[in-house]
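Structure record follows, encoded as structure tokens.
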Amino acid sequence: MVKRASSSFPSISIPILILLPLIFAIIDMADSAPNSNSGSSSPKSAVQIVYTERPQQNEEPEAYHIRTLASVLGSEEAAKEALIYSYKTAASGFSAKLTPQQVAEISKQPGVLQVVPSRTVQLHSGSGIGQLNSPGIGKLH
């Protein structure tokens, strides 16, 4: 009988790997979306991804994220305005436009695991759709 060596890295499930490009695309859209309140936002604010613990079973993830954000922004209305996206499937957390001071404050909140700046990632660097019609590659319908 051959004994398998155990890996020190946790296994990543396929659904999470499939969802990662979707998450990056949503983050990219959030970064490029025009802000209708651009005059009232601080010029130092930037989109942040706030990873949180999963909410209690009896609480909806978005409500939990708004409550966490409201504890720093001062009101539920301000939290709803700042919330860009609420992550519920592959990760628990949300993206919001925050100032450096707000990042420092929310990092100290119970249930907040990590706060990281959102960044744009280029998923494909090919030379375009023309490659799809080249020999050996099926036609795109």
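The values are calculated or read from the model by the stated rules, or taken from the named source; none is laboratory data. Predicted model, so just to flag it, every value in this text is computed and none were measured. As a convention, Cβ positions derive from the backbone with ideal geometry for all residues, glycine included, and neighbour counts pool all protein chains shown. The protein model used for the area step is the full one, side chains on, heavy atoms only, and it has no ligands, DNA or RNA in it. Shrake-Rupley method; radii C 1.70, N 1.55, O 1.52, S 1.80 Å.
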- Message: How charged is the neighbourhood of T52? Take every other residue with its Cβ under 15 Å from the Cβ of T52, and add Lys/Arg as +1 and Asp/Glu as -1.
- Response: -1
- Task: In nm, give the distance between the simple-model label positions of A91 and S71, each being 7 Å from the Cα along the Cα-to-Cβ direction.
- Result: 2.0
- Loop-resident trypsin sites (Lys or Arg not before Pro) in the range 42-100 with no more than 13 other Cβ atoms inside 10 Å, DSSP not H/G/I/E/B, are K44
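Ordering R54, R119 from largest to smallest accessible area (1.4 angstrom probe), what's the sequence? Present the calculation step by step, with values, prior to reporting the outcome.
Values: R54 140, R119 160 Å².
Descending order: R119, R54.
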- Long-range amide H contacts for I84: which residues qualify at under 5 Å (H placed 1.01 Å from N, peptide plane, sequence gap of 5 or more or a different chain)? S95, A96, K97
